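Derivation of every value follows stated rules applied to the coordinates shown; laboratory data play no part. Predicted model, so just to flag it, every value in this text is computed and none were measured. Reconstructed Cβ throughout: ideal geometry from the backbone, glycine too, with neighbour counts over all protein chains shown.
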Amino acid sequence: MATSVVENQTAKAEKLKVEMTRVIKASRQRVFDAWTRPEMIRQWFGPGPISITEADTDTRVDGEYSISTRGVVKPGEVERSGHVTGRYVRVEPYDLVAFTWKATWSPDEESLVTVMLRDVEGGTEMKLVHEGFATAESHQGHSYGWSNGLDKLQRLLETN
C-alpha cells in the first residue's frame, strides 16, 4: 500500500526538530526565571542584536505569553519587527517549561518548545527541544535563532 502525501508530510515535519543542550553556570531557578520572567526575557531573547520591545508572561498551564521583537536578525538584512505568542502547556518550576510557539515570521505554523533543566556539576544542564515545524526553511531559521539566543542567555546568566 502506498504512503499518502499527508503521511509523508507528517513524517517530514516530525523529523524537523531543533535540539540544543547547554550547561550554564547558574542555578536551575535562575535559568527557569530567564525563560519565564519578562524582565529577564527582555535581556536575552532573540538572535544577535534583536531587541525585545515587549514581553508578557502568565507562567501557568494554559497561561499565555507574548514577545515582540525589533532589529536585524542576520547581518545584511533589513530591520524588522516580529511577534511570537503562545500558551504554556507544562510548567514545572525549576525543572521544565513547555509552550506553544506561533510567530509572525511563520504565520501558518504552530510548534512546541520544551525546556528541560537539571542539576549537573558546575551548574544547570538546559535542553531545548523545538518541534513541529511546517518547513525545512522554518526549521533552519529557528535553529539559527535559538543558537544565537541561547548564546546570549548563557552570557547573561554567567556574567551577572
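Do any chymotrypsin sites (Phe, Trp or Tyr not before Pro) in the stretch 59-132 lie in a DSSP loop with no more than 13 other beta carbon atoms within 10 Å, and if so, which?
none
Each Cα pair under 8 Å and six or more residues apart adds its separation to the average, and for the chain the resulting relative contact order is 29 percent. Ordering Thr100, Ser111, Pro75 by Cα displacement along the dipole of the chain toward the positive end leaves Pro75 in first place; charges were set at the Cβ atoms of Lys, Arg (+1) and Asp, Glu (-1). Give me the percent relative contact order of the stretch 22-100, please, defined on Cα pairs under 8 angstrom at least 6 residues apart. In percent, rounded to a whole number, it is 24. Electrostatic tally near His130: other residues with Cβ closer than 10 Å to its Cβ, Lys and Arg +1, Asp and Glu -1, net -1.
Does the stretch 68-160 classify as rounded, prolate or oblate by the C-alpha gyration tensor (a ≥ b ≥ c root eigenvalues; a/c under 1.5 gives rounded; else a/b over b/c gives prolate, otherwise oblate)? Numbers along the way, then the final one.
Values: a/c = 2.06, a/b = 1.33, b/c = 1.55.
Judged from the Cα gyration tensor, the stretch 68-160 comes out oblate (a/c at least 1.5, b/c at or above a/b).
Within a straight-line Cα-Cα reach of under 23 Å, Lys15 can be paired with the following lysines, leaving aside sequence neighbours fewer than 8 residues apart in one chain: Lys102, Lys127. Checking every one of the GluC sites (Glu not before Pro) in the stretch 33-134 against DSSP loop status and a limit of 12 other Cβ atoms within 10 Å picks out Glu77, Glu79, Glu121.
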